[in-house]
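Peer 1: My questions all concern the structure below.
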Amino acid sequence: MEKIASFTVNHLNLLPGVYVSRKDNVNGSIITTFDLRMTRPNYEPVLNTAEVHTMEHLGATFLRNHPDWKEKVIYFGPMGCRTGFYLLLAGDYESKDVVSLVTEMYKFMKDFEGEVPGQAARDCGNYLDMNLPMAKYVAGKYYEVLLNITEDRLIYHD
């Protein structure tokens, strides 16, 4: 079998950042997948499921309500390795095109107060597995990366 593209990225050199993971042409329309890498793979601890789940609810709610981007959002969800999230947008974009959106989203997460959207048995299949304080903490750490992001954290390198 052919190795998929995401397994060809050297994860030993990957730093937290915003990367274009892939671009897919679907019936003449481009879908851009972003790798929102929050932790350094294989060096830093992975995110726990409770904060990942909380951030998924917060991030999806933020994106689906964003006045400029909501119609372009295809998907926002965690990576299986729990080192970040994938964001899929309709359109042909580069990392620099979405840094302000991602920064705004992580500011929303780190500053969020109140009840997590969808944190109810009726709305979610695992509503008890959430941790808002920890989600805010890890969102804040990534937010600091986003505020000072450099070119080397916008493009994959070997």
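What follows is calculated from the coordinates using simple rules that are stated; it is not laboratory data. Everything numeric here is computed off the predicted structure, so don't read it as measured data. Because the Cβ atoms are built from the backbone with ideal geometry, glycine has one as well, and the counts that use them run over all protein chains shown.
Peer 1: Project the alpha carbons of the stretch 5-153 onto their principal axes and report the range along each, largest first, in whole Å.
Peer 2: 38, 37, 26
Peer 1: P(r) of the stretch 66-134 in 5 Å steps, Cα pairs, percent per bin?
Peer 2: 3, 12, 18, 25, 23, 13, 6, 1
Peer 1: Report, in degrees rounded to the nearest 10, the 0 to 90 angle that the Cα long axis of helix 49-65 makes with the longest principal axis of the chain.
Peer 2: 80 degrees
Peer 1: Turning to a different aspect of this structure: In the neighborhood of I155, defined by Cβ-to-Cβ distances under 10 Å, what is the net charge if each Lys or Arg adds +1 and each Asp or Glu adds -1? Write down the numbers at each step before the final one.
Peer 2: Working: positive: K96, R153; negative: E94, E151, D152.
For residues surrounding I155, the net value is -1.
Peer 1: In addition: So how tilted is helix 95-111 from the main axis of the chain? Cα-based, degrees 0 to 90, rounded to 10.
Peer 2: Roughly 20 degrees, rounded to the nearest 10.
Peer 1: Compute the angle between helix 132-147 and the longest alpha-carbon principal axis of the chain, please, reported from 0 to 90 degrees and rounded to the nearest 10.
Peer 2: 30 degrees
Peer 1: Net charge near S95: determine it from the other residues with C-beta under 13 Å of the C-beta of S95, scoring Lys and Arg +1 and Asp and Glu -1. All intermediate terms of the calculation are to be shown ahead of the outcome.
Peer 2: Details: positive: R22, K23, R37, K96, R153; negative: D35, D92, E94, D97, E151, D152.
Neighbourhood net charge equals -1.
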